[in-house]
């Protein structure tokens, strides 16, 4: 904070302070967020305020960071630059959390309207008696996919010349979450059309989403630790978990927006139900951010800040 404030308030002869102006705009928008408490609630308004302050304050600091050099040690200034780069990566992972955490809400509600496949010989009817118990697939698949990826998939990709970097894994993980939601959206279309859809069909989106989780979540934790400067590892880990919060904030804002009569009317014109529209919306949201993530990752300067023994 000291380095950032010095950068924002730093003055140079003949130059304006665009970064400081941007920072104050972030503060103004943060204050404005609390005028929407009636629509989104106090906690969500507070989270939205944090987004404005970090996003615009961070961009403003980045624009003028060199003005802090000389008044603070070089390693402190370089550390802030590293943190700002990491925050962009974290920001682009927030759509993944928007999709992932809805598996315990939106997908359960969808599953409640699906048919229990008791006639299938392989269906574990003694274990899965309602849609909420499909959540058990997630930890089971995680325990299967992590060793499969490390022992089979990653070595195979390396042998054929595809280097499996942390950022590439995270980018593909976000994309796989989007694909999972396209699958869930298709199931919703079947349901909206009056078809009887077996709950067993949800295994596919759960598998795709869990594969994305393994690529994003576990990799992201390692990435956060390795990229954080030694004195800022705790701060970076806090920002990583804040990204999860912001992902859920997008869900709340999207759900609140679609309840507006004008928005519902526009959705009705597409021929989709509100549920199906939101599923495809979140899928597109994730796929667009996955493309942006891949573009940003190409120029990201990887660091090695593991603690020495």
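The values are calculated or read from the model by the stated rules, or taken from the named source; none is laboratory data. Predicted model, so just to flag it, every value in this text is computed and none were measured. We place every Cβ from the backbone using ideal geometry, glycine too, and count neighbours over all the protein chains shown.
Here are some notes:
- Candidates 132, 184: the one that is surrounded by 18 or more Cβ atoms within 10 Å (Cβ to Cβ) and in the same structural domain as residue 274 (by TED's automatic domain parsing) is 184.
- Consider segment 60-70 and keep the residues that are in a helix (DSSP H, G or I) and touching a helix residue (DSSP H, G or I) at 6+ places or on another chain (Cβ under 6 Å). The one that is nearest to residue 25 (Cα to Cα) is 60.
- Filter pass, residue 238 being surrounded by fewer than 14 Cβ atoms within 10 Å (Cβ to Cβ) and closer than 17 Å to residue 92 by Cα: yes
- Among the residues of segment 110-127, those that are surrounded by fewer than 18 Cβ atoms within 10 Å (Cβ to Cβ), under 30 Å from residue 285 (Cβ atoms) and in contact (Cβ under 8 Å) with a residue 60 or more places away in the chain comprise 113, 115.
- Scanning segment 268-275 turns up one or more residues that are more than 28 Å from residue 42 (Cα to Cα) and part of a helix (DSSP H, G or I).
- Residue within segment 237-254 that is over 18 Å from the mean Cα position of the chain (by Cα) and under 16 Å from residue 287 (Cβ atoms) present: no
- Checking residue 26 against (1) part of a helix (DSSP H, G or I); (2) modelled with pLDDT under 90, the condition it does not meet: (2)
- Under the condition of being within 18 Å of residue 206 (Cα to Cα) and more than 24 Å from the chain's Cα centre (by Cα), the residues counted in segment 126-146 number 6.
- Only one entry of 215, 221, 209 meets the criterion of being in contact with a helix residue (DSSP H, G or I) (Cβ under 8 Å, 6 or more places away or on another chain), closer than 22 Å to residue 292 by Cβ, at pLDDT below 90 and in a helix (DSSP H, G or I), and that entry is 221.
- Subset tally (residues that are in contact (Cβ under 8 Å) with a residue 12 or more places away in the chain and either touching a strand residue (DSSP E or B) at 6+ places or on another chain (Cβ under 6 Å) or surrounded by fewer than 20 Cβ atoms within 10 Å (Cβ to Cβ) (or both)) for segment 3-22: 7
- For the residues 45, 82, 68, the requirement of being more than 30 Å from residue 225 (Cβ to Cβ), buried (at least 16 other Cβ atoms within 10 Å of the Cβ) and not assigned by TED's automatic domain parsing to the domain that holds residue 235 singles out 45.
- Scanning segment 192-206 for residues that are crowded, with 17+ Cβ neighbours inside 10 Å and either modelled with pLDDT of 95 or more or within 28 Å of residue 150 (Cα to Cα) (or both) yields a count of 4.
- Filter pass, residue 32 being within 25 Å of the chain's Cα centre (by Cα), closer than 21 Å to residue 87 by Cα and free of Cβ contacts under 8 Å to residues at least 24 places away in the same chain: no
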